[in-house]
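For reference, the structure discussed in these notes is given below.
The values are calculated or read from the model by the stated rules, or taken from the named source; none is laboratory data. Here the structure is a predicted model, which is why all the values come from computation and not from measurement. Cβ coordinates were reconstructed from backbone atoms using ideal geometry, including for glycine residues, and neighbour counts include every protein chain displayed.
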Amino acid sequence: MSEVELVAVQQRCEITEATHSGVACRSICNLARGLGFSETELEKLARLVTECATLLLRNEAHGELLVRPLANGKVSTAVRYGVEVLSIDSGPGAADIQARMSQLKGLSDELDVWTAPGHGPVLRFVSWNGLTRPEEDRVTEARVRYGVVNLPLRGEFVSGDAWSCHADDDNFTVLIADGLGHGPMANRAATEAAKTLESSGGAPLESILERAHDALRSTVGAAAGVARFPISAQEERSHVKFAGIGNVAASVWAEMSHKHLPSHDGVIGHAYRRVQQFEASYAEGRSSSCTPTG
């Protein structure tokens with residue numbers, strides 16, 4: 001049994017003055033209304049957004065909200081829709097964040113927070129539509145926790161980057177693509193590359209890139225990379241595998257160091273000389289990232 005996810009680009013709501021709170025609230029609630037949220041659910045979501053905006057504006061700090069729709073087909077036979085919001089604080093830190101957490105938890109279905117000394121907190125909350133369901137009908141907790149931020153260039157309506165991920169019983173695979181240039185043509189190339197993971201998620205990394213190459217022949221082309229790591233490591237140390245073409249890269253990060261995994265020159269959909277898989281060992285508790293750099 002496997003699953004593939006291809007997720008929409010985030011919308012950005014800048015919060016630099018008090019009037020931005022209402023603008024963000026209306027925009028996010030309009031998105032949720034289109035996903036079938038009830039009036040009660042919309043009211044809770046509006047309170048969440050307002051609370052996050054208030055946190056961002058305290059002590060003349062500022063930040064932004066990154067918003068995207070979610071869809072989960074694991075609840076019964078129907079698709080359940082949600083809204084994810086990342087609240088990114090550009091200030092020096094928030095001493096009162098823990099005091100606010102209980103209120104935020106009561107309003108959201110999922111809540112995570114990241115803090116570091118001297119940096120404003122990053123909050124992630126998710127609101128799902130639909131009534132509370134029986135225990136056996138609820139969404140099973142994800143076996144792999146991951147996060148993605150994908151934003152278009154300022155002034156553009158679509159992003160030239162795209163991503164998708166695939167999970168099966170043994171491995172988690174993620175593909176990222178950076179379409180050449182920017183705008184609709186770059187978006188089409190990147191999106192077509194990301195879609196190829198749906199039919200080839202369990203294939204060798206070289207084969208996935210070869211299939212993406214064939215799918216992008218009629219496009220402007222893209223840089224693309226594929227990374228894979230085991231979901232359940234059987235040994236103390238395991239390996240991240242990566243293969244890429246063009247201006248993409250992957251890194252495996254430890255607490256005090258990181259290892260860079262390179263890609264080969266070329267353009268997916270046009271021409272490249274070779275695809276080569278690289279590996280890096282990691283111990284459980286370390287994290288890996290696959291990041292477009294173009």
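Details
- When each of 243, 233 is tested for being under 21 Å from residue 164 (Cα atoms) and either assigned to a loop (DSSP other than H, G, I, E, B) or at pLDDT 85 or above (or both), the lone residue that passes is 243.
- Those residues of the stretch 169-213 which are of a type in the set (Lys, Arg) and under 16 Å from the mean Cα position of the chain (by Cα), in sequence order: 195
- Residues located in the stretch 172-190, provided they are touching a residue at least 40 places away in the same chain (Cβ under 8 Å) and either out of contact with any Cys (no Cβ under 7 Å at 6 or more places or on another chain) or not hydroxyl-bearing (Ser, Thr, Tyr) (or both): 172, 174, 175, 176, 177, 178, 179, 180, 189
- The C-beta contact set for the stretch 197-221 (first residue assigned by TED's automatic domain parsing to the domain that holds residue 187, second residue hydroxyl-bearing (Ser, Thr, Tyr), distance under 6 angstrom, 6+ apart or interchain) comprises 197/164; 201/173; 208/200; 211/196; 211/200; 212/196; 215/196.
- Checked against (1) at pLDDT 90 or above; (2) more than 15 Å from residue 161 (Cα to Cα); (3) of a type outside the set (Phe, Trp, Tyr); (4) surrounded by fewer than 17 Cβ atoms within 10 Å (Cβ to Cβ), residue 184 passes all but a single condition, namely (2).
- When residues of the stretch 1-30 are limited to those that are surrounded by 16 or more Cβ atoms within 10 Å (Cβ to Cβ) and at pLDDT 90 or above, the one nearest to residue 65 (Cα to Cα): 13
- Reported count of residues in the stretch 31-49, each being under 18 Å from residue 124 (Cα atoms) and either buried (at least 21 other Cβ atoms within 10 Å of the Cβ) or over 23 Å from the mean Cα position of the chain (by Cα) (or both), is 8.
- For first residues located in the stretch 21-47 and closer than 17 Å to residue 104 by Cα, partners that are among the charged types (D, E, K, R) and assigned to a helix (DSSP H, G or I) and lie 6+ apart or on another chain with Cβ distances below 8 Å form the pairs 42/33.
- Criterion: modelled with pLDDT of 90 or more and among the charged types (D, E, K, R) - qualifying residue of 161, 137: 161
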